[in-house]
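Read-outs throughout are calculated quantities, based only on the coordinates presented, and are distinct from any laboratory measurement. On a predicted model such as this, the values are computed, not experimentally measured, just so you know. All Cβ positions, even for glycine, are placed from backbone atoms using ideal geometry, and neighbour counts span all protein chains on display.
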Amino acid sequence: MRAFKAYLIDQDESRKTGGMLTSVTQDRLDEGEVLIRVHYSSINYKDALAATGVGKIIRRFPCIGGIDLSGEVVESADPRFAAGDKVIATSFDIGVAHHGGYAEYARVPAGWVVPLPTGLDLLEAMALGTAGFTAALGVVRMEDNGLAPANGPVVVTGATGGVGGLAVDMLSRLGYHVVALTGKASETDYLIGLGAKEVLLRGDIDFTKVRPLEGARWAGAVDNVGGQILHWVLATMKQAGTVASIGNAASFNINTTVFPFILRGVSLLGIDSGYMGFPTRQRVWDRLASDLKPRHLAAVTRVIDFDALPGAFSAFIEGNVKGRTVVRIGA
Ligand SMILES: NC(=O)c1ccc[n+]([C@@H]2O[C@H](COP(=O)([O-])OP(=O)(O)OC[C@H]3O[C@@H](n4cnc5c(N)ncnc54)[C@H](OP(=O)(O)O)[C@@H]3O)[C@@H](O)[C@H]2O)c1
């Protein structure tokens, strides 16, 4: 029986959640048609919430963490995949209710697996991971709703985060005038380097005094933070503007008015990367490998070894990370 290294998250008798590197045998993996030798995984904010128990993310204990993985197919009971194929698997129940990417092997349903598109390698796929997929899904959904560079500027909130930085890069590559909103004045040069044309500092805006409609500024918006900032985003949208609501880094509440919707025709699009099925999933990955591929992907990515994983989560909880973190599992 094959035994391999995995980061297993469990609860103790007092229901305290924690994870550890351990050895598991292949028979403990969940059901699925595709067995994958994992090369890389990544750390998203959600992974840190899951591993530390700060967020109630895990729905089935014990669970190998890691919501993202890329690797090579070892065996497949589904004709869409064959041994040796390079693949990506993110989202669905991976790493939350089905053993995930923090293991040298993963077994997942074929319907969750995407063939690695030409134009990406397995490391780049995880530099993107759920963060990149979500940012790209937001861009694609806004474009489908009519957004184009000629319509006007696009604002990205939570801009130094994983999703935010990749969104800034993708939108700027597409020719948008990107305005980055950040809480970190020290990261202005970083954001300009990613392609932002302007950087706004959270501290310079009083989000508690936002009227139902303010001066119209944005044709599009990628919002990673929610709360009062999303209210401000909505109030400052141009006529027929489009907002992609992605995250809740500040708050899951939104206290706003209907005026942006009924007086400016603003669209608020909900982005859920977790259960976005095919063919959109494949279409988004294909674009991530071509016209949406961030120009600064390597520069915003750090790679850590599997053994460093347990010590890496706290920085995410404390908000002290920038860009993307890839975990080298078996490459
Ligand atoms: N809908 C989906 O399918 C989906 C998928 C992936 C992620 N998400 C969500 O999207 C959000 C961003 O994810 P991520 O992986 O990019 O997280 P991240 O790397 O931790 O980045 C979040 C960023 O938000 C800003 N921020 C943090 N705390 C804030 C606060 N109190 N007020 C205002 N801004 C704050 C910070 O950027 P600045 O300092 O630059 O402002 C931070 O870097 C999270 O809420 C995550 O749960 C949703």
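For the range 131-270, the alpha carbon convex hull comes to 91 Å³ per residue, rounded to a whole number. Shown for the chain: lysine pairs separated by 8 or more places, or found on different chains, whose C-alpha atoms are under 20 Å apart, numbering 12. Note on the range 131-270: dipole from Cβ charges, positive end direction compared against ILE229, GLY175, TYR190; the farthest Cα belongs to ILE229.
With a 10 Å Cβ neighbour count serving as the proxy for reagent exposure, in which order, fewest first, do VAL38, VAL114, VAL222, VAL54 appear? It would help to have the intermediate numbers written out before the result.
On the way: VAL38 29, VAL114 19, VAL222 32, VAL54 15.
The most exposed by this proxy come first: VAL54, VAL114, VAL38, VAL222.
Treating only the Cβ of Lys, Arg, Asp and Glu as charged (+1, +1, -1, -1), what charge dipole size does the range 131-270 show about its Cα centre? Round to the nearest 20 debye.
Working: 10 positive and 10 negative charges, 53 e Å.
That gives a dipole near 260 debye.
Placing +1 on the Cβ of each Lys and Arg and -1 on the Cβ of each Asp and Glu in the chain, which of VAL303, GLY119, PHE316 has its Cα farthest towards the positive end of the resulting dipole? Sorting the options by dipole projection puts first PHE316. Close amide-amide hydrogen proximity is noted between LEU269 and VAL243, ALA244, SER245, each under 5 Å apart and 5 or more residues distant or on a separate chain (H modeled in the peptide plane; Pro and chain starts excluded).
Taking θ as phi - 60° and the Karplus parameters 6.51, -1.76 and 1.60, the scalar couplings of the range 306-312 work out to 3, 5, 8, 4, x, x, 9 Hz in sequence order, x denoting glycine and proline. The Cβ shell under 10 Å around TYR102 holds other residues with a net charge of -2, Lys and Arg each +1, Asp and Glu each -1. Over the chain, dividing the summed -39,500 (n - 2.57) contributions of all DSSP H runs of at least 4 residues by the number of residues returns a 222 nm mean residue ellipticity of -7000 deg cm²/dmol. A cut-off of 5 Å between modelled amide H atoms, ignoring neighbours fewer than 5 places along the same chain, links ASP68 with SER42, GLY101. Across the chain, C-alpha contacts under 8 Å between residues 6 or more apart give a mean separation that, scaled by the residue count, equals a relative contact order of 19 percent. Assuming charge only on the beta carbon of Lys and Arg (+1) and of Asp and Glu (-1), the dipole of the chain about its Cα centre is about 660 debye to the nearest 20. For the chain, the longest principal axis of the C-alpha atoms and the axis of helix 162-173 are separated by about 60°. Under 12 Å from the Cβ of LEU116, count the other residues' Cβ atoms, weight Lys and Arg +1, Asp and Glu -1, and hand me the total. Result for the local shell: -4.
Helix 122-144 axis versus longest C-alpha principal axis of the chain: approximately 40°, rounded to the nearest ten.
Regarding the chain, what's the average projected area of the Cα-atom convex hull, expressed in nm²?
Values: hull surface 66.2 nm².
Seen from a random direction, the Cα hull of the chain projects 16.5 nm² on average.
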